[in-house]
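**Student:** Handing you a structure now.
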Amino acid sequence: MSIDIPTITLNNGVSMPQLGFGVFQVPDEETTTAVTAALQAGYRSIDTAAIYGNEAGVGRAIAESGIARDDLFLTSKVWNSDQGYDATLRAYDTTLAKLGVDALDLYLIHWPAPAQDLYRDTWRALERIHADGRVRAIGVSNFEPEHLDRLLASAEVVPAVNQVELHPAFQNRAVVAANTEHGIATEAWSPLAQGAALGSEPVLTAAAAHGVTPAQVVLRWHLQQGRIIIPKSVTPARIAENLAVFGFDLTDDELTAIDALDVHGRTGPHPATFEG
């Protein structure tokens with residue numbers, strides 16, 4: 001199936017699908033089935049990470065899909081225990097081998113892990129991989145403004161993406177502002193907050209008005225504000241539902257009402273202290 005998914009042009013000119021498929025917490029043996037369902041539904045962007053333990057499962061689905069590699073956008077991430085220049089170069093080779101590909105479209109530092117104080121060395125390795133033409137874009141994940149500032153003080157390449165927790169209950173406004181200031185695209189992980197915001201009055205009202213589900217309303221809210229999103233599901237019907245968000249537009253009032261749901265409700269670890 002082919003669906004016309006909008007793209008975001010990253011700061012190095014690379015186009016990235018605005019809506020992709022995430023595989024966080026999906027066991028490797030289930031990942032191949034889930035990614036296969038996503039590809040059949042029309043997704044062309046897949047987001048994984050070394051720590052998820054399912055890169056091989058993603059690779060199997062890609063190999064069996066018959067879809068040309070150039071038609072896919074693949075993202076993975078270097079884990080905290082592999083930070084540092086040499087370790088990151090080795091980790092990247094391991095990721096490529098597990099996925100069964102020659103290059104990624106996007107490679108991210110998964111967490112800043114500031115107590116290690118290695119993310120600047122890790123970034124030099126990503127810059128090397130990028131300069132060698134082995135990845136189309138490089139970026140970070142879970143970086144707070146202070147981490148971005150410290151990285152940019154010595155970086156030669158500005159991150160293309162900062163993938164962070166962001167959903168109606170936690171809109172991460174300071175990070176979004178810092179990303180925008182530096183020309184970094186904001187990508188939201190856990191865009192539905194595992195269902196936490198789906199029962200709120202503004203979301204339910206908008207869903208009824210447009211004849212869609214609450215999850216589709218929240219995903220549409222993200223898209224209309226220019227963010228990249230990677231919803232996750234292992235249920236084929238839900239996988240398809242999460243992609244069916246291009247046939248309606250939320251009004252300005254509906255967007256504003258969902259904006260007002262921000263209660264700083266972070267569900268994941270805080271990047272300033274998380275070391276993994």
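**Student:** Need pairs with beta-carbon distance below 6 Å; first residue within 12 Å of Ile8 (Cβ to Cβ) and in contact (Cβ under 8 Å) with a residue 40 or more places away in the chain and within the range 220-234, second hydroxyl-bearing (Ser, Thr, Tyr) and surrounded by fewer than 24 Cβ atoms within 10 Å (Cβ to Cβ); sequence gap 6+ or separate chains.
**Tutor:** If the second residue must be hydroxyl-bearing (Ser, Thr, Tyr) and surrounded by fewer than 24 Cβ atoms within 10 Å (Cβ to Cβ), the pairs left are Arg227/Thr186.
**Student:** Of the residues that make up the range 123-136, is at least one under 16 Å from Arg266 (Cα atoms), surrounded by fewer than 23 Cβ atoms within 10 Å (Cβ to Cβ) and basic (Lys, Arg)?
**Tutor:** no
**Student:** Also, quick follow-up: Looking for something part of a strand (DSSP E or B) and within 21 Å of Ile258 (Cα to Cα) - is there at least one such residue anywhere in the range 105-121?
**Tutor:** Looking for residues that are part of a strand (DSSP E or B) and within 21 Å of Ile258 (Cα to Cα), one finds none in the range 105-121, hence no.
**Student:** Which residue, of Ala197, Ala257, Ala208, is at pLDDT below 95 and either more than 30 Å from Glu30 (Cβ to Cβ) or crowded, with 22+ Cβ neighbours inside 10 Å (or both)?
**Tutor:** After ruling out the rest, the residue left standing is Ala197.
**Student:** Restricting to the range 233-245, count the residues that are in a loop (DSSP other than H, G, I, E, B) and either touching a Ser or Thr at 6+ places or on another chain (Cβ under 8 Å) or loosely packed, with under 15 Cβ neighbours inside 10 Å (or both).
**Tutor:** 2
**Student:** May I pose another question? Going through the range 255-269 one residue at a time, which ones are over 20 Å from the mean Cα position of the chain (by Cα) and of a type in the set (S, T, N, Q)?
**Tutor:** The one that is over 20 Å from the mean Cα position of the chain (by Cα) and of a type in the set (S, T, N, Q): Thr256.
**Student:** Step by step: first the residues of the range 36-61, then only those that are in contact with a Phe, Trp or Tyr (Cβ under 7 Å, 6 or more places away or on another chain) and part of a helix (DSSP H, G or I), then the one that is surrounded by the fewest Cβ atoms within 10 Å (Cβ to Cβ). Which residue is that?
**Tutor:** Going through the qualifying residues, I end up with Ile51.
**Student:** Still on this structure: I need the full set of residues from the range 235-254 which are more than 17 Å from the chain's Cα centre (by Cα) and β-branched (Val, Ile, Thr), in order please.
**Tutor:** Across the range 235-254, the qualifying residues are Thr235, Val245, Thr251.
The values are calculated or read from the model by the stated rules, or taken from the named source; none is laboratory data. It should be emphasised that the depicted structure is a prediction, and the values quoted were computed from it without experimental measurement. We place every Cβ from the backbone using ideal geometry, glycine too, and count neighbours over all the protein chains shown.
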